[in-house]
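Working notes, beginning with the structure itself.
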Amino acid sequence: MAPEADAQPAPVIIVGAAMGGLRTAEALRKAGYTGALTVIGEEIHAPYNRPPLSKDALSTGVTHEAVAFPQRPATADVDWLLGVRVSSASLAAKTVTTTDGVSHPFRALVIATGIRPRRVIPSVSEGPRSLSGRHTVRTLDDAMALRDELVPGARVVVAGSGFIGCEVAATATKLGCEVTVVSPSSRPIIRPLGPVLAAELQRRHEAHGVLFRLGRSIAVIEGDTRLTGIVLDDGSRLAADVLVEAIGSDCNSDWLAGTGLDIANGVLADAGMRAIDVDGNAHDDVYVVGDIARFPNALFDDVARRVEHWNIPTDTGKRAGAVLGAWLAGDAAFTEALALPFTPMPAFWSNQFDIGIQAYGLPGLADSIRQLEGDLAGDCIFGYYRGTRLVGVVGLGMKAALLPYRQQIATAEAEAATTAR
């Protein structure tokens, strides 16, 4: 049912002021919603672009101006509550409560709180998380603090060999640091890339001086007030001035405890980005966007997944804004909006030294991998197949040549036309 008429209705509240929250606000206005709109964000900064924080921005200097999204006229009247954290929500009372004790009523709610970095917790002992020299790379403030410590000669240990870990390793090396990557994985970024491409990426990092301690984890973080070293689980010690913790992420869903929503892994949503509760019911007035959203993508199958790729906050924000805007407008428009297919193409990119990595689809779904074009030691393209269907493609360079493969994934061709070299 459409919302009841109200002389002074409560605002739509978006919790989360990063890209997903911003794009949802813009989409709501585009959908015709002109009512009150409030965005609550824990950071003090207006929305900004996160991917450059471990890439270009970290190497050239980190400022909000360099990464901030432009303010569009459509959202000029949005009420931005920044530097404010939401501690709880009640879907029955239609309120969210902030840590200062203030209760904020909402007409509809959008969950856009994203993820936070997982921290290293050694099994033997742990230096305090406030220990000088310990860093994560998620926020602008994180990147600014880390950049100050990436000075020539600094001994940097990167915990984690995923994209962020490898990007930071490359950036720190270019800045003159001595870098060692520690990871329990057998190769860097092996899950999405596969063993062949991952081994080639490792070779290129090592050619630039990056050291890898793979198959290892951190057992002890040494230091009283300042980091001095790292002890690995095999007993070996690494002297360290800086530790960058890039071992994965946890969802910022604690504030949703007690709401009845399915928050087992992020927040479950349907293809309209409506939040789903533990009984399987969709909430017409509650939506989920960005990294925290676990939703089905019919481009691949009907399994709900969280996808932490750079375009997903934009795509889910636009979808949620359109569907919620239609619900606020009335039943007929809402039914039509829900019926439209939602099949966003996951995409990610990474710059490491002179390596430009671009990918489309979900390579992690593949059960076989083929080299499609190019030279492994130079520019090349790898295809990722589930059965006979192409579900992902990764290129080192060759960006233009990737586009036909992207289209092949998008059109869900049953038979792959490309033969492995």
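We did not get these values from a lab; they are worked out from the coordinates using the rules stated. Not measured: the values here are computed from a predicted model. Methodologically, a virtual Cβ is constructed for each residue, glycine included, from the backbone with ideal geometry; neighbour enumeration extends over all protein chains shown.
Summarising the amide proton neighbourhood of residue 108: residues at separation of 5 or more, or on other chains, whose placed amide H is nearer than 5 Å comprise 12, 13. Between residue 388 and residue 88, the simple label model (points 7 Å from Cα in the Cβ direction) yields a spacing of 5.7 nm.
Estimated at 0.36 nm per residue, the fully extended path between residue 79 and residue 332 surpasses their Cα-Cα distance by 88.2 nm.
Report, in degrees rounded to the nearest 10, the 0 to 90 angle that the Cα long axis of helix 312-329 makes with the longest principal axis of the chain. Compared with the principal axis, the helix lies near 0 degrees. Paramagnetic label reach from residue 196 (point 7 Å along Cα→Cβ; backbone nitrogen cut-off under 16 Å): within segment 149-164, no residues.
Note on residue 30: aspartates and glutamates with a C-alpha under 15 Å away, same-chain residues under 8 apart excluded, are 77, 315. Full extension of the chain segment joining residue 217 with residue 151 gains 21.2 nm, where the gain is 0.36 nm per residue of separation less the Cα-Cα distance. Here the contact order of segment 134-247, divided by its residue count and restricted to Cα pairs under 8 Å and six or more residues apart, works out to 32 percent. Remark on residue 294: its backbone amide H falls under 5 Å from those of 267, 268, 269, a criterion applied only to residues 5 or more positions apart or on other chains, H modelled at 1.01 Å from N. Under the simplified labelling scheme, the residue 301-residue 186 pair shows an inter-label distance of 2.3 nm, with each label point 7 Å from Cα along Cα→Cβ. Rounded to 0.05, the FRET efficiency of the residue 403 and residue 225 pair, given R0 = 51 Å and the Cβ-Cβ distance, is 0.45. Any idea how far the Cα center of segment 189-220 sits from the one of segment 243-278, in Å? About 30 Å separates the Cα centre of segment 189-220 from the one of segment 243-278. For the chain, the gyration tensor built on C-alpha atoms gives an oblate shape. Its axis ratio a/c (a ≥ b ≥ c) is at least 1.5, and a/b is not larger than b/c.
Taking the chain as a Gaussian network of alpha-carbon nodes connected by springs under 10 Å, the highest mean-square fluctuation of the residues 246, 46, 322 belongs to 46. For the chain, modelled as a GNM whose springs connect Cα atoms under 10 angstrom apart, the maximal fluctuation among 121, 381, 230 occurs at 121.
Sites count as exposed loop sites when they are GluC sites (Glu not before Pro), lie in a DSSP loop, and have at most 15 other Cβ atoms within 10 angstrom; the longest stretch of the chain without one is 127-412. Amide H to amide H distances under 5 Å link residue 162 with 189, where only residues 5 or more positions off or on other chains count and H is placed in the peptide plane. Under a Gaussian network description of the chain, with springs only between Cα atoms under 10 Å, the residue in 362, 299, 109 that fluctuates furthest is 299. Each of 191, 107 was scored by other Cβ atoms within 10 Å of its Cβ. Listed from fewest to most, they are 191, 107. Taking a ≥ b ≥ c as the square roots of the eigenvalues of the alpha-carbon gyration tensor, segment 17-152 is classed oblate because a/c is 1.5 or more while a/b is no larger than b/c. Here residue 174 is the anchor, and the aspartates and glutamates within straight C-alpha reach of less than 16 Å, apart from those fewer than 8 places off in the same chain, are 56, 148, 149, 206, 354. Listed by chain and number, the aspartates and glutamates whose C-alpha is less than 13 Å from the C-alpha of residue 318, apart from same-chain residues fewer than 8 away, are 26. Normalising the average separation of contacting C-alpha pairs (under 8 angstrom, six or more residues apart) by the number of residues puts the relative contact order of the chain at 16 percent.
Near residue 188, once Lys and Arg are set to +1 and Asp and Glu to -1 for all other residues with Cβ below 15 Å from its Cβ, the sum equals +3.
Near residue 234, once Lys and Arg are set to +1 and Asp and Glu to -1 for all other residues with Cβ below 15 Å from its Cβ, the sum equals +2.
Most simply put, the chain has about 60% antiparallel DSSP beta bridges, counting only bridges with both residues inside it. The label-point distance for residue 174 and residue 65, in a model that sets each label 7 Å from Cα toward Cβ, rounds to 2.2 nm. From helices alone, the chain scores -7000 deg cm²/dmol at 222 nm; the rule is -39500 (n - 2.57) for each run of n ≥ 4 DSSP H residues, then divide by the residue total.
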